[in-house]
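The values are calculated or read from the model by the stated rules, or taken from the named source; none is laboratory data. Everything quoted here is computed from the prediction, not taken from an experiment. Positions of Cβ are generated from backbone atoms using ideal geometry, with glycine treated the same way; all protein chains shown enter the neighbour counts. The accessibility values were calculated without ligands, DNA or RNA, using every heavy atom of the protein model including side chains. Shrake-Rupley method; radii C 1.70, N 1.55, O 1.52, S 1.80 Å.
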Amino acid sequence: MKDKDNFETGLLSYRIKRRSLPTTLFFLTSTITVACNSGSTKTSNSASQSLAHNSAPANVADTSAQGAKARIAIIRGPGPYYLAKVKGTLEKYLEAKKSEVEWLGPFPAFAPAVEGLNAGSVDFTGGSTTAAISAMAGGSPFKIFGYQVSGKDGSGILVQRNSSIRTLKDLVGKKVIVNRGGTGEYLLAKGLEKAGVSIDQIQQVYLGPADAASVFASGKADAWAVWGTFFANAAVKDGARILATAGEIDSENDGMYIVHNTFLEKHPDVVKAVYDVLVQESQWVLSNAPQAMQIYGKEFKLSEDVQKFMSERVEGTPTPVGAAEIEKMNRVSDWFFKLGIIPKKPTIENFVVDVTKL
């Protein structure tokens, strides 16, 4: 993208009044995220590289005699999809079903991955509650087949090491980087609410995490609400100070795994198999966190200190989506709508499937 510094500078001075945010902006945001990260995000094959440029929807599933081809878009960061890819677990699991796996990505966040799903180029991916709700509000064609409670100290709001900002109330008038309609915007808004501060008193800077890292490190923004490897790298490698963790601000932003509706309709047995592998790999991590982080460290070029930081913050395992999970997502959805982050409340029940019945 030309004049990237000018683009970032413009974003830093741009303050959004989100109550006027139209539905179509969610799709525009996804497209912008793909464009901004296309130069720095490496993909594992040519199919994922073409997602942002191919306007013609691809077939959602391979229905040949060889069975389904599950196209899985991986989000950059630790997770069972990455382990399954590196260890070849899913390929072996699906071999008996004469099905194949095509790995796409890694993508910097959920938004560009779900854009591929909207276009019919992705069958499976995963993301956070907040990002999924934003996609639901935009009418994305998917079902949630797995729900995973997130750790509460592996994401949060960061400030510069020597910053004068000591409490969430000190963010008033400051520039805070978030990803629009996702984990970052949720963490910031949730933290401010707990501190009794209106989000209109903050200058939100909308950037995807890949671009945000350099902007924050350069001191062009005062704080950054972020997660995963981005959070760990900034806190450990760059020496950023943790202002508040997700747990400290009572976050209900968890993880979830989604599948394109058409693929689910045609190959429910494959969806169940993918779920079983995700559970298997997640359970392995709980008992082998240091070893798992070594795998992630090699994939993402993480230092040993960052690996150690993340190994102490491993998360749980996927579970089927039931009434309790739906209620939790509804609370986040209601909260997002109240703040004007989404233009309408999606009916969560229309976006879930009981994996135990597949």
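For Ile242, only one of the following conditions fails: (1) at pLDDT 95 or above; (2) open to solvent by less than 20 Å² (accessible area, probe 1.4 Å); (3) touching a Gly at 6+ places or on another chain (Cβ under 7 Å). What is its number?
(2)
Go through the range 196-229 and count every residue that is open to solvent by less than 40 Å² (accessible area, probe 1.4 Å) and touching a residue at least 60 places away in the same chain (Cβ under 8 Å).
The total comes to 17.
Select from the range 127-147 the residues that are closer than 19 Å to His267 by Cβ and open to solvent by 10 Å² or more (accessible area, probe 1.4 Å) and list them in ascending order.
Pro141, Lys143
So, in the range 168-182, how many residues would count as being surrounded by fewer than 24 Cβ atoms within 10 Å (Cβ to Cβ) and among the small types (Gly, Ala, Ser)?
1
Give the number of residues within the range 309-340 that are open to solvent by 50 Å² or more (accessible area, probe 1.4 Å) and either assigned to a helix (DSSP H, G or I) or in contact with a Lys or Arg (Cβ under 6 Å, 6 or more places away or on another chain) (or both).
Matching residues across the range 309-340 total 7.
Hey, Leu192 hits all of (1) part of a helix (DSSP H, G or I); (2) open to solvent by less than 30 Å² (accessible area, probe 1.4 Å); (3) closer than 23 Å to Pro108 by Cβ but one; which does it fall short on?
Leu192 satisfies all of (1) part of a helix (DSSP H, G or I); (2) open to solvent by less than 30 Å² (accessible area, probe 1.4 Å); (3) closer than 23 Å to Pro108 by Cβ except (3).
Here is a check on your reading of the model: is Ala111 in contact (Cβ under 8 Å) with a residue 40 or more places away in the chain, aliphatic (A, V, I, L, M), open to solvent by 10 Å² or more (accessible area, probe 1.4 Å) and under 16 Å from Ala73 (Cβ atoms)?
yes
Could you run through the range 239-261 and say how many residues are among the polar types (S, T, N, Q), under 18 Å from Gly126 (Cβ atoms) and not in a loop (DSSP other than H, G, I, E, B)?
The qualifying residues number 1.
Quick one: would you say Thr319 is on the phi < 0 side of the Ramachandran plot, of a type in the set (Val, Ile, Thr) and touching a strand residue (DSSP E or B) at 6+ places or on another chain (Cβ under 8 Å)?
Judged against the criteria, Thr319 is a match.
Test of understanding: among Val353, Val332, which residue is among the β-branched types (Val, Ile, Thr) and over 30 Å from Leu168 (Cα atoms)?
So the residue among Val353, Val332 that is among the β-branched types (Val, Ile, Thr) and over 30 Å from Leu168 (Cα atoms) is Val353.
Do any helices (runs of 4 or more DSSP H) lying entirely in the range 73-161 carry at least 1 residues that are within 22 Å of Asp334 (Cα to Cα), and which ones are they?
110-118, 129-137
Is one or more of the residues making up the range 224-238 of a type in the set (A, V, I, L, M, F, W, C), assigned to a strand (DSSP E or B) and more than 16 Å from the chain's Cα centre (by Cα)?
no
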